[in-house]
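The block underneath contains the structure these notes are about, expressed in structure tokens.
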Amino acid sequence: MNWNKNLLWNYIGYGISLAINILLLPVVLKFLNNEELGLWYVFMSVGTFVAMVDFGFSPQIARFVTYAYAGADSLKKKGIVSATQIGMNIELLQKLLVVSRRLYFFLSLFVFILLITIGTYYVCSITKMLSLWQVLCSWIFFCIASFVNILYGYYNAFFRGIGDFVSINKAILLSKCVQIFCSFIGLYLGYGLFAVAFSFFLSGIFLRIYLGIALRRFGKENSFPEKKDSFDVGVLSIIWHNSWREGVVMISRYLIIQSNTILCSLYINLIETASYALARRSYEKSVIYWK
């Protein structure tokens, strides 16, 4: 029964990810002018680049969480781990959580500094016909949203590791409903680009709050000790062993597919960038749909 429930919510989560773009696109096209639309697609391309800072840590953390949840005695860079105990290894799970929390804090801090400095200069340099105040307010909320999304990115990895796809997809459903509702209200009231950026920020906040509550509930149900474990460098070394390889693949994929929007914004105006990004995204969604 749990397997069927997880499978059902997996399909729901996948459907939501596709539907958000279909539902949001006509609203965005109606209320944003061409320059705002182009800049928003630049924001989205930057957001995809920001996700690359994960560098393959998330799938590796999820894999090792699965081992610990299944009762593994320890973690290995290569080979098969052994499990002599029945039930989850709470101590190992806690070590993974502590390492993940510290790792993602530094990753999110690096991203925020990068966006608020180089990113701000870049966004201001490509903005010619929009209100600088509106652009900066929208960009700041986008930067904060990116910081929060990376900071608590290990939530997704943890719940995937324990096989709790219900919590993940319920959180996605909640966050996307918030994003669509707030985007529509904000755009209807005339807040333009700021409404879309602020809705993106709220979406991330609601997603992390829901998963944070679910993680605390999981800890209480399984009697996690109150004391905090120290940071284990050995665990980080094991995670890094394979994650960097996946990170290289992720960056390569981004450079091939997503980076063109940013390059376009540097050499052509935002109206033409919007046309290119819209055509590319429409093609990508149609390919996914027909698959």
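The values are calculated or read from the model by the stated rules, or taken from the named source; none is laboratory data. Just so you know, these numbers come straight off a predicted model, no measurement behind them. Every residue, glycine among them, receives a Cβ derived from its backbone with ideal geometry; neighbour counts consider all protein chains shown. What goes into the accessible areas is simple: the full protein's heavy atoms, side chains included, and nothing from ligands, DNA or RNA. Shrake-Rupley method; radii C 1.70, N 1.55, O 1.52, S 1.80 Å.
For PHE224, the requirement of being under 20 Å from ILE150 (Cα atoms), in contact (Cβ under 8 Å) with a residue 24 or more places away in the chain and outside any helix (DSSP H, G or I) is not met.
Tallying residues that are open to solvent by 10 Å² or more (accessible area, probe 1.4 Å) and touching a Phe, Trp or Tyr at 6+ places or on another chain (Cβ under 9 Å) within region 33-43 yields 1. Within region 11-32, the set of residues being open to solvent by less than 70 Å² (accessible area, probe 1.4 Å) and modelled with pLDDT under 75 comprises ILE12, GLY13, GLY15, ILE16, SER17, LEU18, ALA19, ILE20, ASN21. Of (1) open to solvent by 10 Å² or more (accessible area, probe 1.4 Å); (2) in contact with a helix residue (DSSP H, G or I) (Cβ under 7 Å, 6 or more places away or on another chain); (3) not in a loop (DSSP other than H, G, I, E, B), ILE185 satisfies all except one. Which? Of the numbered conditions (1) open to solvent by 10 Å² or more (accessible area, probe 1.4 Å); (2) in contact with a helix residue (DSSP H, G or I) (Cβ under 7 Å, 6 or more places away or on another chain); (3) not in a loop (DSSP other than H, G, I, E, B), the odd one out for ILE185 is (2). Residues of region 56-83 that are modelled with pLDDT under 85 and either over 24 Å from TYR104 (Cβ atoms) or open to solvent by 50 Å² or more (accessible area, probe 1.4 Å) (or both): ALA70, GLY71, ASP73, SER74, LYS76, LYS77, LYS78, GLY79, ILE80, SER82, ALA83. Here ILE140, ILE86, ILE116 are screened, and the one residue that is among the β-branched types (Val, Ile, Thr) and modelled with pLDDT under 90 is ILE86. Can you name the residue in region 131-175 that is open to solvent by 30 Å² or more (accessible area, probe 1.4 Å) and outside any helix (DSSP H, G or I) and, of all such residues, is farthest from TYR41 (Cα to Cα)? Ranking the candidates gives ASP164 first. Residue count for region 188-204, restricted to those that are crowded, with 17+ Cβ neighbours inside 10 Å and not in a helix (DSSP H, G or I): 1.
Within region 101-146, the residues that satisfy the criterion of being of a type in the set (D, E, K, R) and either over 18 Å from LEU37 (Cβ atoms) or in contact with a strand residue (DSSP E or B) (Cβ under 8 Å, 6 or more places away or on another chain) (or both) are ARG101, ARG102. Residues in region 179-219 that are of a type in the set (D, E, K, R) and in contact (Cβ under 8 Å) with a residue 60 or more places away in the chain: how many? Number of matching residues: 1.
Apart from one condition, GLY71 fits all of (1) assigned to a helix (DSSP H, G or I); (2) of a type in the set (Gly, Ala, Ser); (3) more than 23 Å from ALA279 (Cα to Cα); the exception is (1). Keeping to region 252-265, report how many residues are touching a Phe, Trp or Tyr at 6+ places or on another chain (Cβ under 8 Å) and at pLDDT 70 or above. Matching residues across region 252-265 total 4.
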